[in-house]
Amino acid sequence: MSSIRAFFKDTFLYGIASVLPRIVSFALVGVYTAVFAAPDFSSQTKWYVYASFLNILLTMGMETTFFRFYSMQEKAGTGKTYEKSQVLAVSFALLATLSGFFLVTSLIWGGFFKQFFGFQDSGTLYMLVGITILDTLVVIPFALLRAEGKTSRFLSMKVLNIVVMAGTTLWLLLILPVGSGKWQWLCIFPDCLAGYKPQVFHIFFANFIASALTVVFLIPELRKIPRPKDSRLLKSMVLYSWPVMVAGLAYMVNENLDKLLIAEWAGEEANGIYAACYKLGVFMTLYMTAFRMGAEPFIFQHAHLEGAQQKYSLMMSWFVILGSVFMVAVMVNLDVISSLFLRQPIYRTGLEIVPVLLMANLCSGIYANLSVWYKLSDKTWYGMYISITGGILTFLTLWLMVPQWGIAGGAYSTLSTYLLMAGISWFLGRKTYPVPYKIGRLSIVLLLAFGSSLLCFYTFRDNALLRWILFIGFCLTTAALSKTELDALKKDH
């Protein structure tokens, strides 16, 4: 099997493992928007924003670092060799130590953190701490499964997590409210006795149960992790990973600052509408995640092989081509999708932001693909600087756009940020690690995709036939523009 075709196979298999949980989580949006008012949806969205920042801090960029060090036996130019077992041991030990420190700090300063995050009860805070720690402990075991190609094990653990989370959520939000008296003996909450009412806290509790069970079922992998002995490896990995962590924090600013500032500048209801419509952009996020799961091990494994740059260029081309088709397909069916998942009409008043957010997420994926140059040249601080620049631009554009345009300002802020970051990364990477990307042709594909998406929403929204004709025309045009990529895929061995 050719290397690129092997990459697509890995993308498909690991994509299922990562995309399926996100699909189920997205399907639950229909439950959330049916049960909770817009301000409540805003509250749970902000909780997950905090969780995402804490997750970046605790994981410290160690997943990417693990793949980098696990795939190479010798540090270029030093003559030092690293044992894979010690890469595994040091990675996990560092994350476990950080998790323990975070737990102790949270127990001591719980009152301060509760006030800082604006939580109404301590339970919400401790759910945040618990879920973040549990998810951190499984980062390296999951990365090891990917590195060793244990697809079925990886997939089964991901499916277990989402089944437990979804089942517990449906139980707490839909089943108990109907028959709390009948089922109260199975419920640990005091409010199950009489007048049970679903609360946003119950969503977090369902996540906690799922994360805890995932750790339990990964105990066989955890027991295989040896004790760390190589202190020089720890230093090397930390030097590589901390810029990745800072870049991750800046990336989370780009992804989530809008959901915090819109709540302040436009109100909780507007933020709830924005957050719900933002979820429709998850379709592009799912595609990006599936692609990244296959791409990250592939990039490091092929870094020192002949023709690697050409393969990375082909990967980028296929990412843009397939992502553009996916984007237009979502817009063709937007009203059907939104009616299924945004259950209350008030949430659908913000659908104008969806084509912009889909394009923004596609640009985010392009930036992620472009990052190959600083990861392979061990210059991860460049990624940090680019992400910090993006974070600054995010704040400035939100400050300028949201007061004037409302939630649309948040969407255009996200798009402008990722366009800038992708442009900077491409410009800087040309000399450090040149990859022959087809910039001109891919730019045409992106413009056609965005234009087609806007036409679907603003011009042909009431005419399904014309939308599908437009989609077919776009696919045929893209296929004609992609003849070189199709030929390259056929010839790749």
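Can you tell me which of Arg146, Arg153 is open to solvent by less than 40 Å² (accessible area, probe 1.4 Å), among the charged types (D, E, K, R) and out of contact with any strand residue (DSSP E or B) (no Cβ under 7 Å at 6 or more places or on another chain)?
Numbers: Arg153 fails: open to solvent by less than 40 Å² (accessible area, probe 1.4 Å).
Going through Arg146, Arg153 in turn, the sole match is Arg146.
Is it the case that the stretch 315-335 has a residue that's out of contact with any Lys or Arg (no Cβ under 9 Å at 6 or more places or on another chain), over 30 Å from Lys483 (Cα atoms) and not basic (Lys, Arg)?
No, the stretch 315-335 has no match at all.
Would you kindly identify the helices (runs of 4 or more DSSP H) lying entirely within the stretch 370-435 that contain at least 2 residues that are buried (at least 21 other Cβ atoms within 10 Å of the Cβ) and among the polar types (S, T, N, Q)?
380-405, 407-432
Select the helices (runs of 4 or more DSSP H) contained entirely in the stretch 224-338, then report the ones holding at least 1 residues which are without any contact (Cβ under 8 Å) to a residue 40 or more places away in the chain.
Numbers: elements: 231-266, 268-278, 282-301, 308-332.
The helices (runs of 4 or more DSSP H) meeting that bar are 231-266, 308-332.
Can you go through Pro297, Pro243 and tell me which one is under 26 Å from Lys375 (Cβ atoms) and modelled with pLDDT of 80 or more? Let's see the steps before the verdict.
Details: Pro297 fails: modelled with pLDDT of 80 or more.
The unique qualifying residue is Pro243.
Is there any pair linking a residue in the stretch 36-65 that is at pLDDT 75 or above and in a helix (DSSP H, G or I) to one that is among the basic types (Lys, Arg) and open to solvent by 20 Å² or more (accessible area, probe 1.4 Å), with Cβ under 8 Å and at least six apart or on different chains, and which?
Once the first residue is at pLDDT 75 or above and in a helix (DSSP H, G or I) and sits in the stretch 36-65, its partners that are among the basic types (Lys, Arg) and open to solvent by 20 Å² or more (accessible area, probe 1.4 Å) give Thr64/Lys375.
In the stretch 258-272, how many residues are at pLDDT below 85 and open to solvent by 20 Å² or more (accessible area, probe 1.4 Å)?
4
Can we say Ala275 is over 23 Å from Leu447 (Cα atoms), of a type in the set (A, V, I, L, M), at pLDDT 80 or above and in contact with a Phe, Trp or Tyr (Cβ under 8 Å, 6 or more places away or on another chain)? If you could, list the steps in order and put the result at the bottom.
On the way: over 23 Å from Leu447 (Cα atoms): yes; of a type in the set (A, V, I, L, M): yes; at pLDDT 80 or above: yes; in contact with a Phe, Trp or Tyr (Cβ under 8 Å, 6 or more places away or on another chain): yes.
Yes; evaluated as a whole, the condition is true for this residue.
Say we look at the stretch 101-119 and pick out the residues that are open to solvent by 40 Å² or more (accessible area, probe 1.4 Å) and of a type outside the set (A, V, I, L, M, F, W, C); which of these is farthest from Val49 (Cα to Cα)?
Gly111
Do we find a residue being within 21 Å of Met62 (Cα to Cα) and either open to solvent by 40 Å² or more (accessible area, probe 1.4 Å) or modelled with pLDDT under 90 (or both) anywhere in the stretch 158-172?
So in the stretch 158-172, the residues within 21 Å of Met62 (Cα to Cα) come out as 158.
This time we only want the ones that are either open to solvent by 40 Å² or more (accessible area, probe 1.4 Å) or modelled with pLDDT under 90 (or both), so: 158.
Looking for residues that are within 21 Å of Met62 (Cα to Cα) and either open to solvent by 40 Å² or more (accessible area, probe 1.4 Å) or modelled with pLDDT under 90 (or both), one finds at least one in the stretch 158-172, hence yes.
Among the residues that make up the stretch 352-360, is at least one of them open to solvent by 30 Å² or more (accessible area, probe 1.4 Å), closer than 13 Å to Ile273 by Cα and not in a helix (DSSP H, G or I)? Before the answer, list the steps.
We begin by selecting, within the stretch 352-360, every residue open to solvent by 30 Å² or more (accessible area, probe 1.4 Å); these are 352.
Cutting the leftovers down to closer than 13 Å to Ile273 by Cα gives us 352.
Checking which are not in a helix (DSSP H, G or I) leaves us with none.
No: zero hits.
The values are calculated or read from the model by the stated rules, or taken from the named source; none is laboratory data. These numbers come from a predicted model, not from an experiment. All Cβ positions, even for glycine, are placed from backbone atoms using ideal geometry, and neighbour counts span all protein chains on display. Calculation scope for accessible area: heavy atoms of the full protein, side chains included, ligands and nucleic acids excluded. Shrake-Rupley method; radii C 1.70, N 1.55, O 1.52, S 1.80 Å.
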